[in-house]
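Input: a single structure, listed below in structure tokens.
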């Protein structure tokens, strides 16, 4: 199951990240996972939120450059080796990862790994075949 | 002072003699020009159908001005006045709308140009004993080859190194005991600041003279160069439309540049009205080339602003001196000696779909060198969410600009609305460099 990630272009200007986060905060949007890809002169903020459609509209209306990307959220046990075991499956099956980031869940002993794949469909097939738990959009909202 | 003359007779000829030479050469130039499609039409419309059509130098004013636009529109052969077979050299400059301008030289044209440049070099006191490091760009740009040929005629030992690679330039200066440089003033100051990095001290170098040109610079900058480096710096003026370097050059007195009036008719005009104005007043420099036949040029509006000194120079030369260039009548920028029009930049970046409609050109100094920054707003709809896409966009813009305007610009990506909104052209270009 694919979930939605929002990517936001962050100009290298003081307070830009704060502007995004306070906008979301003021509008009751909760960030579930976050990472920033930075280059020498700008950043791209990647977030998984509990209500992507509302959030992306909000960001665009406020003048941010934002768009939606399909990613996959994989659930693994929050213990040493959790990530490595999933990565082995991908490596063995030639599944190419473009980027990923992770965070722990609040009320369980699980960790959530957000992956952007070169070939999302292939990745999902491999995940299903190997019985690796994938989290749905609905489950993200409820986290 | 002992004044060196390459051609004393011409350089100290009285005004009457100079004017006689000008009139005679103007007639020959007109005959040539009439063989080119562009001038045949223009002169025809002005009622001139032969070289004898001009009876006095005042008659020159019957001829309309030639502009850069005329040259672009005539590309490639509108101004060519001889058979291509007679052309031995082609020089070209990039144009604002991607249309270059081209100048053709016959064997005799190159000889005349060479002799003129030799005259310039010799008037500074440089001789065949000198070792000359030619640090200007070779190629279609006239600066490199122009000085090269002139220096060779003088008999100097030439190192045809061209530009760039500062470390190597300094090493070469040391290894070969360079005494004379041809360079832009900003690059020369930059070289000075890098001596420490390269581990070579000023005392290990034997430089005594620099011919500086290709970008406007103040008297203070020249004095700073002379003081920091302990050399004499001579101002050089030229443009490819009128051959290249060699149009005007300073003598040993360094009190502004002698325009060689046996080779050029120089007029200063009011840029608004086109009226020729008197010596001493600032206006637009208009030049007629009397010694080039493959591509004649008549009353060319250079868009450079300067004035002519009415007084004679102490060196005894009777060719008038032109002040340093004080500005432009258009919006052309000169970045480290390279000419670029803001419209060239605009044209290139607007071709890229991911760039929004707002941009800004920002020019400042990084140390002694000019730095060009192009700030663009990205177009939201085309943002795919990947940092690599934006990186690729930045590199694409940088590469497009580098290949078209030959400048390595710094590219900044901004969000829509981040750059000031432009009202007309004024705010598109911000030039933080101090005025001359």
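The values are calculated or read from the model by the stated rules, or taken from the named source; none is laboratory data. Bear in mind that the values here come from a model prediction, so they are computed numbers and not experimental data. Every residue, glycine as well, gets a Cβ built from its backbone with ideal geometry; the counts of neighbours run over all protein chains shown.
Restricted to strands (runs of 3 or more DSSP E) entirely inside the range B:337-433, those with at least 3 residues that are within 11 Å of chain A (Cβ to nearest Cβ) are B:369-378, B:410-414. A residue that is out of contact with any helix residue (DSSP H, G or I) (no Cβ under 7 Å at 6 or more places or on another chain), within 13 Å of another protein chain (Cβ to nearest Cβ) and surrounded by fewer than 13 Cβ atoms within 10 Å (Cβ to Cβ) cannot be found anywhere in the range A:18-37. Among helices (runs of 4 or more DSSP H) entirely within the range A:54-143, having at least 1 residues that are within 14 Å of chain B (Cβ to nearest Cβ) and touching a residue at least 12 places away in the same chain (Cβ under 8 Å) singles out A:120-129. Number of residues in the range B:308-333 that are more than 17 Å from the chain's Cα centre (by Cα) and in a loop (DSSP other than H, G, I, E, B): the value is 12.
So that you can scan it fast, the table gives a plain yes or no per residue for (1) surrounded by 17 or more Cβ atoms within 10 Å (Cβ to Cβ); (2) at pLDDT below 95; (3) in a helix (DSSP H, G or I); (4) out of contact with any strand residue (DSSP E or B) (no Cβ under 6 Å at 6 or more places or on another chain):
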position: B:151; (1), (2), (3), (4): yes, no, yes, no
position: B:192; (1), (2), (3), (4): no, yes, yes, yes
position: B:195; (1), (2), (3), (4): yes, yes, yes, yes
position: B:206; (1), (2), (3), (4): no, no, no, yes
position: B:227; (1), (2), (3), (4): no, yes, yes, yes
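With respect to the stated conditions, residue B:119 fails to be surrounded by fewer than 19 Cβ atoms within 10 Å (Cβ to Cβ), outside any loop (DSSP other than H, G, I, E, B) and in contact (Cβ under 8 Å) with a residue 40 or more places away in the chain.
Selection over the range B:256-270 of residues that are out of contact with any helix residue (DSSP H, G or I) (no Cβ under 8 Å at 6 or more places or on another chain) and either at pLDDT below 95 or surrounded by 15 or more Cβ atoms within 10 Å (Cβ to Cβ) (or both) gives a count of 6.
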